[in-house]
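K.L.:
Here's a structure for you.
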Amino acid sequence: MKKILAFAMAAAMTLSLAACGGNGGSASSNKGGASASNPGSVSGSQGGSSADASTPAAFTTVEAGKLHMSTNAEFPPYEMLDDAGNPIGIDVEVAQAIANKLGLELVVDDMGFDAALLAVQNGQSDIAMAGITVSEDRLAKMDFTDSYATGVQVVIVKEGSDVTMDNLGDHMIGTQMGTTGYIYASDTPDNGGYGEDHVIGYETGAVAVQALVNGQVDAVIIDNLPAQSYVEANAAAGLTILEGTWVEEDYAIALQKGNTELMAAVNGALNELKADGTFQGIVDKYITAD
Ligand code: GLN
């Protein structure tokens, strides 16, 4: 069962930001929910002081001087908590680098995956980063930057299991609620899914994998990198990832619909980080070729 979704992203907004202060502090965590204080306060343009016709428009953030990122820090290596409970991971570091470029302090708001998407839709966070797949449904509710990664969803089973890519629909499948894995798998067979009766949505990917270990489901559909991390973490249970790709997708940063100034600033910063190698440096810290 494979669906290949290739959403052409809106043409990159090429508004590039002039040299920015880069004075953002280290990420601070705000566990438990999005902060919505000071909605609508203007954080200002980072356009530089010289008179320049291309000075970018001022952008607005939820809280002046801060960039609130809503996430679900249970998706290694994109976002997870370190031993001290601080959010780390590729998304967190990319957001920090974007905040630095925009002269903002990054605040990470850690919550459930669905809540992270809702927070940005409702204007309670400035950006959502959580290995978020660009999908048609989501494009109707939020805007996305250019893609920054390809997400590959895979199937985890117990070693020796008779589950295959082709007979998944005969089994019980665990997923994380609200993710594209859940949405596609629970869709009707006409639409390439297996039907709601065959899919259970769990609070987190880790809980879905625990259900597999406990024999409550026969397989888990989840993005490849967290899958590898969960298989390693449950080595004693003898889990394995099926050969092949269940679905291939694009990850991007979500913003509230219509916030074109902040979109231009974030997308511009993201593209600068890609161009100057910073982005790849962050990825290489977390993903090592083996
Ligand atoms: N990429 C998947 C999605 O967007 C899963 C993301 C996640 O679980 N953090 O639905």
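Every number here is computed from the coordinates shown, using simple stated rules; none is lab data. Since the structure is predicted, the reported quantities are computational estimates derived from the model, not experimental observations. Here the Cβ is made from the backbone with ideal geometry for all residues, glycine too, and neighbour counts use every protein chain on show.
K.L.:
Hey, which aspartates and glutamates would be in cross-link range of Lys141, C-alpha to C-alpha under 14 Å, not counting anything within fewer than 8 residues on its own chain?
P.N.:
Filter leaves Asp114.
K.L.:
With a ≥ b ≥ c taken as the square roots of the eigenvalues of the C-alpha gyration tensor of the stretch 159-216, please select rounded if a/c is under 1.5 and otherwise prolate if a/b is larger than b/c or oblate if it is not?
P.N.:
Oblate, since a/c reaches 1.5 and b/c is not below a/b.
K.L.:
Right, another one. What does the charge add up to near Leu139, with Lys and Arg as +1, Asp and Glu as -1, over the other residues with Cβ less than 14 Å from its Cβ?
P.N.:
Net local charge, Leu139 excluded: -3.
K.L.:
Kindly write out, for the stretch 85-102 in residue order, the coupling ³J(HN,Hα) from the Karplus curve 6.51 cos²θ - 1.76 cosθ + 1.60 (θ = phi - 60°), rounded to whole Hz, with x marking Gly and Pro.
P.N.:
These are the phi-based 3J(HN,Hα) values: x, 8, x, 9, x, 4, 4, 5, 6, 5, 4, 4, 5, 5, 4, 4, 5, 8 Hz.
K.L.:
Would you mind counting up the charge near Ala99? Only other residues with Cβ under 10 Å from its Cβ, with Lys and Arg at +1 and Asp and Glu at -1.
P.N.:
0
K.L.:
Relative contact order for the stretch 112-199: what percent, with Cα pairs under 8 Å and sequence separation of 6 or more?
P.N.:
20
K.L.:
For the stretch 89-113 and the stretch 122-141, compute the distance between their C-alpha centroids and round to whole Å.
P.N.:
Value for the Cα centre distance between the two parts: 15 Å.
K.L.:
Still on this structure, please answer the following. Just add up the charged neighbours of His68: K/R +1, D/E -1, any other residue whose Cβ is under 9 Å from the Cβ of His68.
P.N.:
Local charge sum for His68: -2.
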